[in-house]
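Trainee: I am attaching a structure below and will ask some questions about it afterwards.
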Amino acid sequence: MAAASQSREALRLELAAEVLRDFGELRFRACGGSMLPAIFSGDVLLVRREPIGMIRRGHIVLSSRAGRFYAHRVVRIENRAGAVRLVTRGDALTTEDPAVSGNELLGRVTGLARGRTQVEVSATPSLESRLFGWALRHSDFLSASLMRWHLLRTRRTERAE
C-alpha cells in the first residue's frame, strides 16, 4: 500500500511540475511548518515559472528533489564555473538544503492565499518576521504551538462559514 501511495504522490508532483513548465503558473497547497511564519500548512501558494538567473536572495522558490516539492527561501546564490545554484532553507529550519540546480527549480512563489485572504510574499521579510523565524528555528515547543494555534484557528473559521 505504501508503494502505491508513493507512486500516486510522484505522479501528482510530476503532473504539477509539467503544468508549471507548460503554462507558467501553478497553485498548490503547502504542507508542513518549515516556512513558518511566512507560510503555514494549508496555505495555497501561487508559483510562477522563472529562470534561475532571475531569482534573487530572499525569494521563496519551489524546487523538486527526490519526489518531493520544497518551497524554501533563497539564502545564497552560488555561481561555479558558470553553473548557477541556489542554496535554500526553510525559515523555521536551522540547516540549509542542498543547492538547487536549474533543473530542480520549478519557479518562484509570488503570493499565497490563506483562507479568503491574499498575502503578498516578500523577498525581504520584516524584522519581526525574521526574529520570529529565528525563535521558531530554536524552539520545537514554539513551532508546535504555532502549528496547533493555526489548526484551531482554521477549524474555527471553517465552522463559522
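The values are calculated or read from the model by the stated rules, or taken from the named source; none is laboratory data. Treat the numbers as computed from the prediction; the structure is a model and nothing was measured. Counting neighbours? That spans all protein chains shown, and the Cβs are built from the backbone with ideal geometry, glycine included. Side chains are part of the model used for accessible areas, which takes the heavy atoms of the whole protein and leaves out ligands, DNA and RNA. Shrake-Rupley method; radii C 1.70, N 1.55, O 1.52, S 1.80 Å.
Trainee: Would you give the gap between the C-alpha center of the stretch 98-155 and the C-alpha center of the stretch 5-53, rounded to a whole Å?
Mentor: Spelled out, the Cα-based centre of one part sits 14 Å from the other.
Trainee: Say each of residue 19 and residue 65 gets a label point 7 Å from the Cα, pointing the same way as Cα to Cβ; how far apart are those two points in nm?
Mentor: So the label points at residue 19 and residue 65 sit 2.4 nm apart.
Trainee: With Cα extents along the principal axes in Å defined as stated, name the option among (i) 88, 30, 26; (ii) 51, 40, 31; (iii) 50, 33, 23 computed from the structure displayed.
Mentor: Only one option fits the structure, namely (ii).
Trainee: Additional query: Have a look at 99, 83, 30 and tell me which one the Gaussian network model of the chain (Cα, springs below 10 Å) gives the largest fluctuation.
Mentor: 83
Trainee: Identify the residues of the stretch 79-119 with backbone N under 16 Å of a label point that sits 7 angstrom from the Cα of residue 149 along the Cα-to-Cβ direction, or state none.
Mentor: 92
Trainee: Exactly which GluC sites (Glu not before Pro) in the stretch 45-119 are in a DSSP loop and have at most 14 other Cβ atoms within 10 Å?
Mentor: Hits after loop and neighbour filter: 96.
Trainee: Only Cα pairs within less than 10 Å get springs; with that Gaussian network setup on the chain, which residue of 28, 141, 132 has the largest fluctuation?
Mentor: Among 28, 141, 132, the largest mean-square fluctuation in the Gaussian network model of the chain belongs to 141.
Trainee: At 1.4 Å probe radius, can you tell me the per residue accessible area of the chain in Å²?
Mentor: With the other protein chains kept in place, the chain gives 63 Å² per residue.
Trainee: Residues of the stretch 66-103 with the amide nitrogen closer than 20 Å to a label point 7 Å from the Cα of residue 131, along Cα-to-Cβ, please.
Mentor: Residues passing the 20 Å test: 91-93.
Trainee: Classify the stretch 1-81: rounded, prolate or oblate, from the alpha-carbon gyration tensor (a ≥ b ≥ c, eigenvalue square roots; a/c under 1.5 rounded; otherwise prolate if a/b is larger than b/c)?
Mentor: Since a/c reaches 1.5 and a/b is larger than b/c, the shape of the stretch 1-81 is classed as prolate.
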